[in-house]
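Here is the structure we will look at.
Taken together, the values in this text are just the output of simple stated rules run on the coordinates, not laboratory data. Not measured: the values here are computed from a predicted model. Cβ placement follows ideal geometry from the backbone for every residue including glycine, while neighbour counts extend to all protein chains displayed.
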Amino acid sequence: MAIYLQNQKKLDVIGIDISPLAIKVCTLRGLRRAQVTAFEDIDFGPESFDTVVMYGNNFGLFGSKGRARKLLRRLFVMTSPDAQLICETRNPYQTANPVHLAYHRRNRARGRMPGQLRLRVRYGVYIGRWFDYLLASPDEMKELARGTGWRVARTFRSGRDPLYVGILRKESRGS
């Protein structure tokens, strides 16, 4: 997506990823601006961006309710007055799988959001660190945005698929 936006739409794009190898691949494929940065460590100056695109289920990088609200406030400062966040995630409640439903119950009992996952990535002999990853319903996305300066302006989904995209915009001063 970043290379498409850079090349076809002629936008100034910066890609971030926690993986140095992912950044190397992006630059080898032609992305002009890319840097190794963990999502929770993003730190750009005020009004650095007009749009933040979080496709690939990357709303999950918010990790938890507290971290989501903190990072949304940080993104508020880093974006222009008319900015938008385009965030993809999955609605964790669109399941009948008993394993998933039991996981939701355990999370609630522990004071966690039902769609909050604790995971790590493994590939061959490589094992990443444990981290929280957040799946949220459209109503939960709205609740997470409340009080951060953002509001969910619209959501898009395709049929019955639990995957959806939320468009967050800055709240107008009178609302």
Order of TYR93, TYR126, TYR133 - criterion: other Cβ atoms within 10 Å of each residue's Cβ, fewest first: TYR126, TYR93, TYR133
Does segment 1-42 classify as rounded, prolate or oblate by the C-alpha gyration tensor (a ≥ b ≥ c root eigenvalues; a/c under 1.5 gives rounded; else a/b over b/c gives prolate, otherwise oblate)? oblate
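Determine the relative contact order of the chain: mean sequence separation of Cα pairs under 8 Å and six or more apart, normalised by residue count, in whole percent.
Numbers: 280 pairs, mean separation 35.4, N = 175.
Computed value for the chain: 20 percent relative contact order.
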Quick check: residue separation of THR51 and ASP12 times 0.36 nm, minus the Cα distance between them. What number comes out in nm? 13.0 nm
Using a Debye calculation, one point per C-alpha and no hydration shell, please list log10 I(q)/I(0) for segment 101-175 at q = 0.11, 0.12, 0.18, 0.25 Å⁻¹ in order. -0.43, -0.50, -0.91, -1.11
Name the most mobile residue of ARG129, ARG146, ARG67, meaning the one with the largest mean-square fluctuation, in a Gaussian network model of the chain with Cα contacts below 10 Å. ARG129
Treat the count of other C-beta atoms within 10 Å as a stand-in for reagent exposure and order SER48, SER137, SER19 from fewest to most. SER19, SER48, SER137
Go through ILE42, PHE76, GLY60 and say which Cα lies farthest out towards the positive end of the charge dipole of the chain; charges sit on Cβ, +1 for Lys and Arg, -1 for Asp and Glu. GLY60
Listing LEU71, LEU168, LEU134, LEU28 from the residue with the fewest other Cβ atoms within 10 Å to the one with the most, what is the order? LEU28, LEU71, LEU134, LEU168
Over 24 Å (Cα to Cα) among LYS70/LYS142; LYS9/LYS70; LYS142/LYS170; LYS9/LYS142 -> LYS9/LYS70; LYS9/LYS142
DSSP beta bridges in the chain, what fraction antiparallel, as a percent rounded to 5? 70
List, in order, the whole-Hz ³J(HN,Hα) value for each residue of segment 84-98 obtained from phi through the Karplus relation with A = 6.51, B = -1.76, C = 1.60 and θ = phi - 60°; use x for Gly and Pro. 9, 10, 10, 10, 9, 7, 10, 7, x, 7, 7, 8, 10, 5, x
Indicate the gyration tensor shape class of segment 49-170 (rounded, prolate or oblate), computed on the Cα atoms with a ≥ b ≥ c the square roots of the eigenvalues: a/c under 1.5 is rounded; otherwise a/b larger than b/c is prolate and the rest oblate. prolate
With each pseudo-label sitting 7 Å past Cα toward Cβ, what's the ASN58-ASP43 distance in nm, one decimal? 2.0
What is the calculated FRET efficiency for ARG33 to ARG146, with r their C-beta to C-beta distance and R₀ = 22 Å, to the nearest 0.05? 0.10
Out of ALA22, ALA145, ALA68, a Gaussian network model of the chain with alpha-carbon springs under 10 Å gives the largest mean-square fluctuation to ALA22
Using a Förster radius of 25 Å, what is the FRET efficiency between ALA109 and GLU171 based on their Cβ-Cβ separation? Nearest 0.05, please. 0.15
